[in-house]
Amino acid sequence: MIDSGTPAGTSRIGVSLDVKPHAYDPDAYPELFEGVLARRAVAFVIDLIVIGIPLVLAWVLILIFGFLTLGVGWLLFWLMSPATVIWPLFYYGLTLGSTASATIGMRAMELELRTWYGAPAYVLLGAVRAVIFWVSVSVLTPFVLLVGLLDARKRLLHDMLTGTVVINGPVRSAALRTRRRY
């Protein structure tokens with residue numbers, strides 16, 4: 001065997017081949033996953049409302065502006081199509097990439113998004129996850145939800161594809177852990 005002079009576990013370009021273990025074990029920490037799917041559904045509805053309100057307000061403002069300008073302002077309606085894509089990407093990217101690693105709906109339901117190895121989410125991950133979520137839900141609607149019922153970590157298809165997991169927040173986890181002891 002020829003010695004390449006590189007340390008074990010790395011390639012010549014310096015990339016580590018070590019695979020990180022899952023940070024969240026459902027057998028060791030069941031309180032992290034208890035009730036997550038139901039609360040994710042409620043969080044999703046809250047997030048839809050938060051995303052929808054500014055879009056509806058923009059639509060109404062353009063409508064009123066069109067009346068005031070005798071129809072000229074209605075030319076701005078073309079902005080609504082890209083806005084319905086850009087605004088949710090910013091929303092998911094910025095909220096999931098925040099220090100809370102959660103959207104407004106997830107915060108209300110005491111949920112957090114983490115990578116499978118335990119790191120908090122970041123802006124790009126939040127935006128990519130949103131795109132994969134909307135594409136997967138559009139194509140595979142019922143099957144996306146069935147995956148979560150079969151997975152021990154209660155992950156949905158887009159969670160698996162992006163390497164993320166949604167867990168209960170620390171306050172809720174501590175309360176569930178305390179309740180479980182008694």
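Taking the charge dipole of region 30-181 about its Cα centre, with +1 at Lys and Arg Cβ atoms and -1 at Asp and Glu Cβ atoms, the residue from 37, 90, 125 reaching farthest to the positive side is 37.
Given the rule -39500 (n - 2.57) for each run of at least 4 DSSP H residues, summed and divided by the residues of the chain, what is its mean residue ellipticity at 222 nm, to the nearest 500 deg cm²/dmol? Numbers along the way, then the final one.
Values: 6 runs with 101 residues, N = 182.
Only helices count here, giving -18500 deg cm²/dmol.
Evaluated at q = 0.11, 0.13, 0.20 Å⁻¹, the base-10 log of the normalised Debye intensity for region 30-181, with identical point scatterers placed on the Cα atoms, takes the values -0.49, -0.64, -1.23.
Identify the trypsin sites (Lys or Arg not before Pro) of region 97-153 meeting these criteria: DSSP loop state and at most 12 other C-beta atoms within 10 Å of the C-beta.
Details: sites: 107, 114, 129, 153; in loops: 153.
Here no trypsin sites (Lys or Arg not before Pro) fit, given the DSSP loop and packing criteria.
Find out how many positive minus negative residues lie around residue 112, taking Lys and Arg as positive, Asp and Glu as negative, among other residues whose Cβ is under 15 Å from that of residue 112.
+4
At what distance in angstrom do the alpha carbon centres of region 111-128 and region 76-106 lie from each other? Using only Cα atoms to place each centre, the spacing works out to 15 Å.
The calculated FRET efficiency for the pair residue 177 and residue 146, based on their C-beta separation and a Förster distance of 35 Å, comes to about 0.75.
In which sequence would 101, 81, 173 go, from the one with the fewest C-beta neighbours within 10 Å to the one with the most? The partial results should precede the final answer.
Details: 101 25, 81 9, 173 19.
Going from least to most buried by this count: 81, 173, 101.
To the nearest 20 debye, what charge dipole does the chain have about its Cα centre, counting +1 at the Cβ of each Lys and Arg and -1 at the Cβ of each Asp and Glu?
Details: 15 positive and 11 negative charges, 77 e Å.
Magnitude of the dipole: close to 360 debye.
By how many degrees, 0 to 90 and rounded to 10, does the Cα axis of helix 36-68 deviate from the longest principal axis of the chain? Result, in degrees: 30.
Take the alpha carbon atoms of region 130-182, find their radius of gyration, then divide it by 2.2 N^0.38 Å using N residues; give the quotient.
On the way: Rg = 14.1 Å, N = 53, 2.2 N^0.38 = 9.9 Å.
This ratio for region 130-182 stands at 1.42.
So which residue, out of 95, 141, 162, gets the largest mean-square fluctuation from a GNM of the chain using Cα contacts under 10 Å as springs? It is 141.
If you put +1 on each Lys and Arg Cβ and -1 on each Asp and Glu Cβ, how big is the dipole of region 135-182 around its Cα centre, in Debye rounded to 20?
Rounded to the nearest 20 debye, it is 460 debye.
Any read-out appearing in this document is the output of simple, stated calculations on the displayed coordinates, not a laboratory observation. All of these numbers come straight from a predicted model, not from anything done at the bench. No Cβ is skipped: glycine too gets one built from the backbone with ideal geometry, and neighbour counts run over all protein chains shown.
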